[in-house]
Amino acid sequence: QVQLVESGGGLVQPGGSLRLSCAASGSISSITAMGWYRQAPGKQREFVALISRVGNTNYADSVKGRFTISRDSAKNTVYLQMNSLKPEDTAVYYCNTYGTVPTYWGQGTQVTVSS
């Protein structure tokens, strides 16, 4: 099993920044990539970004140029640096695993962008 713990969410004004963290523990050797997803009220969960074990990244068009995903392999932690935040970025953000069966999800962290 894999355990994922997210942190770093909060309330921020439009144009502000936040950094989310996702710490993985347990049977992490099978993880090939880790991702971030988000779910706004009344909407489906959507892909935000992912980073592979070798450092390749992919982003949703809506966050390209504003969000950066990175990882610290020594700490088994993935980060999501979010800049130039907009009200439409408001959602619960989840990290997940790729390559594991089943896919593991964290508990989520709330990000609210509001003045």
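The values are calculated or read from the model by the stated rules, or taken from the named source; none is laboratory data. Keep in mind the model is a prediction, meaning the values are calculated, not measured. Note that we place each Cβ from the backbone using ideal geometry, even for glycine, and neighbour counts take in every protein chain shown. Protein only, heavy atoms only, side chains kept; ligands, DNA and RNA dropped before computing areas. Shrake-Rupley method; radii C 1.70, N 1.55, O 1.52, S 1.80 Å.
Where residues in region 97-115 are assigned to a loop (DSSP other than H, G, I, E, B) and touching a Pro at 6+ places or on another chain (Cβ under 9 Å), which of them is least open to solvent (accessible area, probe 1.4 Å)?
So the first thing to find is which residues in region 97-115 are assigned to a loop (DSSP other than H, G, I, E, B), and the list is 99-104, 106-108, 114-115.
So of that shortlist, the ones also touching a Pro at 6+ places or on another chain (Cβ under 9 Å) come out as 114-115.
Working: Ser114: 58, Ser115: 128 Å².
Result: Ser114.
Annotation: Leu11 fulfils all but one of (1) open to solvent by 50 Å² or more (accessible area, probe 1.4 Å); (2) farther than 11 Å from Val111 by Cβ; (3) more than 10 Å from the chain's Cα centre (by Cα); the unmet one is (2). Evaluate region 42-55: report whether one residue or more is of a type in the set (Ser, Thr, Tyr) and touching a helix residue (DSSP H, G or I) at 6+ places or on another chain (Cβ under 9 Å). Checked against the condition, which is being of a type in the set (Ser, Thr, Tyr) and touching a helix residue (DSSP H, G or I) at 6+ places or on another chain (Cβ under 9 Å), region 42-55 yields no hits at all. Just a yes or no: is a residue in region 84-96 open to solvent by 80 Å² or more (accessible area, probe 1.4 Å) and within 12 Å of Ser21 (Cα to Cα)? No, that holds for no residue. Selection over region 47-65 of residues that are open to solvent by less than 60 Å² (accessible area, probe 1.4 Å) and charged (D, E, K, R) gives a count of 0. For first residues located in region 46-63 and among the acidic types (Asp, Glu), partners that are modelled with pLDDT of 95 or more and lie 6+ apart or on another chain with Cβ distances below 9 Å form the pairs Glu46/Tyr37; Glu46/Arg38; Glu46/Gln39; Glu46/Ala40; Glu46/Ala60; Glu46/Ser62; Glu46/Ala91. For region 89-97, indicate whether the set of residues that are of a type in the set (D, E, K, R) and farther than 14 Å from Gly8 by Cβ is non-empty. Checked region 89-97: no residue is of a type in the set (D, E, K, R) and farther than 14 Å from Gly8 by Cβ. A single member of Ala49, Ala33 is over 10 Å from the mean Cα position of the chain (by Cα) and either under 18 Å from Tyr104 (Cβ atoms) or at pLDDT below 95 (or both), and it is Ala33.
Every listed requirement among (1) part of a loop (DSSP other than H, G, I, E, B); (2) of a type in the set (Gly, Ala, Ser); (3) in contact with a Leu (Cβ under 9 Å, 6 or more places away or on another chain); (4) over 23 Å from Thr90 (Cβ atoms) is met by Ser25 save one, (1). Restricting attention to region 17-46, the residues that are open to solvent by 20 Å² or more (accessible area, probe 1.4 Å) and either farther than 14 Å from Gly99 by Cβ or polar (S, T, N, Q) (or both) total 19.
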